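Q: Okay, here's the structure, questions in a sec.
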Amino acid sequence: MDSSVPPPPTEPRIRRRDRHGRGMRGPVAPPQVPLSASRADTFRDLVLDSVERLERRFPQLVDVEFLVMEVPPDVREDTVPLGGSVPAKKDGPARVVVYRRPVEIRTKSREERAALIHEVVVEQVADLLGLSPESVDPRYGQD
């Protein structure tokens, strides 16, 4: 008896569609749409916007490093800082740090977050330059 059944394939089949036949899944939004930006990226952009506003008034801020960290390294139970500043040393530039998670917890909307980030950056720059926050940004504390 001669059987006409083909032998089993030696290589696994390549799946071109998912189980339901709808095609391969792709990203929810294209990369150029703000929806695809992570919360950390959006936060960093808000910090950079605030820094750019201040650099127009204070050109010496070009030499300052502005960093975003998730949480402060030394958290005391009674207070959690929103930012910090470190003066310049001989081995490195001055630094201003904004802590993302404490700021995000205290704000509900993007506008509130942008305002709080700007206040934190203004306070830290004022501390670094030895000025009052009102002299760094005249609109400080008016919202």
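Q: Which residues, taken from the stretch 111-136, are open to solvent by less than 30 Å² (accessible area, probe 1.4 Å) and in contact with a strand residue (DSSP E or B) (Cβ under 8 Å, 6 or more places away or on another chain)?
A: I117, V120, V121, Q124, V125
Q: Name the residues in the stretch 74-94 that are in a strand (DSSP E or B) and either under 22 Å from S38 (Cβ atoms) or open to solvent by 100 Å² or more (accessible area, probe 1.4 Å) (or both), would you?
A: G83, K89
Q: With (1) over 20 Å from P138 (Cα atoms); (2) in contact (Cβ under 8 Å) with a residue 12 or more places away in the chain; (3) not in a loop (DSSP other than H, G, I, E, B) as the list, and R53 as the residue in question, which single condition is left unmet?
A: Against the list (1) over 20 Å from P138 (Cα atoms); (2) in contact (Cβ under 8 Å) with a residue 12 or more places away in the chain; (3) not in a loop (DSSP other than H, G, I, E, B), R53 comes up short only on (1).
Q: Are any residues in the stretch 56-73 aliphatic (A, V, I, L, M) and assigned to a helix (DSSP H, G or I), and if so, which ones?
A: Scanning the stretch 56-73 gives L61, V62.
Q: Inside the stretch 95-110, can you point out the residues that are open to solvent by less than 60 Å² (accessible area, probe 1.4 Å), free of Cβ contacts under 8 Å to residues at least 60 places away in the same chain and in contact with a helix residue (DSSP H, G or I) (Cβ under 9 Å, 6 or more places away or on another chain)?
A: Passing the criteria: V96, V97, V98, Y99, T107.
Q: Let me ask you something else. Tell me, yes or no, whether the stretch 129-137 has at least one residue that is touching an Asp or Glu at 6+ places or on another chain (Cβ under 8 Å) and at pLDDT 90 or above.
A: Yes, some residue in the stretch 129-137 is touching an Asp or Glu at 6+ places or on another chain (Cβ under 8 Å) and at pLDDT 90 or above.
Q: Return a yes/no flag: does the stretch 64-73 have any residue that is in contact with a Ser or Thr (Cβ under 6 Å, 6 or more places away or on another chain) and either touching a residue at least 60 places away in the same chain (Cβ under 8 Å) or open to solvent by less than 20 Å² (accessible area, probe 1.4 Å) (or both).
A: No, the conditions are met nowhere in the stretch 64-73.
Q: Report, ordered by the first and then the second residue, all pairs with beta carbons closer than 6 Å, sequence separation of six or more or different chains, a first member in the stretch 129-141 that is among the aliphatic types (A, V, I, L, M), and a second member that is surrounded by 13 or more Cβ atoms within 10 Å (Cβ to Cβ).
A: As it stands, the answer is V136/V122; V136/V125; V136/A126, since those pairs meet every condition given.
The values are calculated or read from the model by the stated rules, or taken from the named source; none is laboratory data. Note that the coordinates shown come from a computational prediction; the quantities given were computed from them, not determined experimentally. Note that we place each Cβ from the backbone using ideal geometry, even for glycine, and neighbour counts take in every protein chain shown. Surface areas here come from the heavy atoms of the whole protein model, side chains and all, with no ligands, DNA or RNA. Shrake-Rupley method; radii C 1.70, N 1.55, O 1.52, S 1.80 Å.
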